[in-house]
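The values are calculated or read from the model by the stated rules, or taken from the named source; none is laboratory data. Note that this is a predicted model, so its numbers are computed, not measured. Cβ sites come from the backbone with ideal geometry, for glycine too, and all protein chains shown count toward neighbours. Accessible surface areas use protein heavy atoms only, side chains included; no ligands, DNA or RNA. Shrake-Rupley method; radii C 1.70, N 1.55, O 1.52, S 1.80 Å.
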Amino acid sequence: RFSLCDVTDDRILLWQDDKIQENDFQKMQEYGVKLLRVPTGYWNWVDIGDATPNCPDNVAGRFRNLQAVKPNQYEQYIDKIYHYATQHGIQVFMELHGAPGSQNGEIHSGCVTGPEHNGKPEHYFNTDWNKQIAVDSIGKMAEKCKQNGATCWGIGVLNEPQPSGGGAEPTDDSLHWFLEDYYAQAINKARETLSWDTPVVLFSWTYDFWRWGDNRYPYNQYGKIMWDTHMYTGGSSSVDEVLSYYDGDLGKIQEFQQKQGTDVIVGEFAFSNLNQGEDQSWAWQQYVDAVFPKFQEKVTGGALIWNFDCQYSSWSMKGMEERMNVKWNL
């Protein structure tokens, strides 16, 4: 599969010029969006020169492609996001979506990294060197957050880590122990810059909540910690049935909030699990109007839609307004 690490020129900068537009922030403000989550990669924040993350030689060259566009070239676009958000009363939540070596081997980490085992690509985040690059990236992210004052809501240290398949490293257990240490180091690095009450957000899938000890990163030691999880379910043509599919995860979230003594935010969900045509505006509106109150009953940190705009209308706030005639009413 082709991914960003297979691009050998700087066309990503043209894409940034095209996609970061103030009128989108105006739209978000009209919809009632309060918080914008921005996925970033380590290559947006740190320049490691000719070095690469630890990974096989055939993958290292592809990471060099990512690193060929330097953080100082990306900075103007990061600043533009913060500027437009400030102008339109939206807070920003930047997070590490692409870790060194990749934390899941998937296209959304910046690089489809290795051969698949049982449907899961090999990936290579779980080394000390890669961890250090990631921690340094969090330090830079925290500095940019502090520069932008109240517009920066907080930062996220990792998106959707996964084990490899077929018994390859990282396994479920070794990944967890790696994350335990990485999260502690990333929080401490962020706290060198950020206030004690600026959220630092950690990720866990709901099916891994059981792995984390009670109050694992306590406030008195780490400051304001929140947890992010993502909910993607099976599909149905029935709005009521689709809504019911969230019940299991919502119950786990409620229990985990109590166990950790802090908030969970649903950092991603989408409306793509409703199997209805774009012309069925009544169904899409019914789903939109019901899902947020449902989440609010159990999720104390709020919920974020993936995403604002893309080629698939049921994954796009903008597309759902323009093609399904949805009114967001947030």
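Please list, in order, the residues from the range 254-282 whose amide nitrogen is less than 12 Å from a point placed 7 Å along the Cα→Cβ vector of GLU322. Of the residues in the range 254-282, none has backbone N under 12 Å from the label point off GLU322. Shape analysis of the range 45-120 places it in the oblate category; the axes a ≥ b ≥ c from the Cα gyration tensor give an a/c of at least 1.5, with a/b not above b/c.
Gyration tensor analysis over the Cα atoms of the range 137-259 returns equivalent ellipsoid semi-axes of 28, 20, 14 Å (largest first, whole Å).
With all protein chains kept in place, the per residue accessible area of the chain amounts to 43 square angstrom at a probe of 1.4 angstrom.
Placing a label point 7 Å from the Cα of ASP240 along the Cα-to-Cβ direction, no residue of the range 282-300 has its backbone N under 11 Å from that point. About its Cα centre, the dipole of the range 124-277 is roughly 600 debye, where the only charges are +1 on Lys and Arg Cβ and -1 on Asp and Glu Cβ.
For a modelled paramagnetic label at GLN221, 7 Å from Cα along Cα-to-Cβ, the residues of the range 161-186 in reach, with backbone nitrogen under 17 Å, are 177-186. Amide hydrogen proximity for LYS120: with H placed 1.01 Å from N in the peptide plane, the residues at 5 or more positions away or on another chain lying under 5 Å are GLY165. For the chain, averaging the sequence separation of C-alpha pairs within contact (under 8 Å, six or more residues apart) and dividing by the residue count gives a relative contact order of 14 percent.
The orientation-averaged shadow of the Cα convex hull for the chain, equal to a quarter of the hull surface, comes to 15.9 nm².
At an R0 of 25 angstrom, the distance between the Cβ atoms of TYR232 and ASP6 translates into a FRET efficiency of 0.45. Computing FRET efficiency as 1/(1 + (r/R0)^6) for GLN254 and VAL38, where r is the C-beta to C-beta distance and R0 is 30 Å, gives about 0.65.
Between GLU143 and TYR312, the C-beta separation translates, for a Förster distance of 41 Å, into a calculated FRET efficiency of about 0.75.
Hey, any idea what Rg/Rh is for the range 10-61, computing Rh the Kirkwood way over Cα pairs?
Working: Rg = 16.6 Å, Rh = 14.4 Å.
Here Rg/Rh amounts to 1.16.
Surface composition of the chain: carbon and sulfur make up 47 percent of the accessible area, probe 1.4 Å.
Qualifying chymotrypsin sites (Phe, Trp or Tyr not before Pro) in the range 127-220, where qualification requires a DSSP coil assignment and no more than 11 other C-beta atoms within 10 Å, comprise TRP196.
Here are some pairs, LYS252/LYS298; LYS298/LYS318; LYS144/LYS189; which of them have Cα atoms lying more than 18 Å apart in this structure? Those over the limit are LYS298/LYS318. Contact order for the range 195-330, expressed relative to its length and based on alpha carbon pairs under 8 Å spaced 6+ residues apart, stands at 22 percent. Placing unit charges on the Cβ atoms of the charged side chains and taking the dipole of the range 116-252 about its Cα centre, the candidate lying farthest along the positive direction among GLY166, ASN188, ASN130 is ASN188. What the phi angles of the range 91-104 give under the Karplus curve with 6.51, -1.76 and 1.60, with θ = phi - 60°, is a coupling list of 8, 10, 10, 8, 8, 8, 8, x, 8, x, x, 6, 8, 8 Hz, glycine and proline written as x.
For the chain, the mean residue ellipticity at 222 nm estimated from helices alone is -13000 deg cm²/dmol, where every DSSP H run of n ≥ 4 contributes -39500 (n - 2.57) and the total is divided by all residues, rounded to the nearest 500. Taking 4.7 Å between beta carbons as the limit, the unpaired Cys residues of the chain are CYS55, CYS310.
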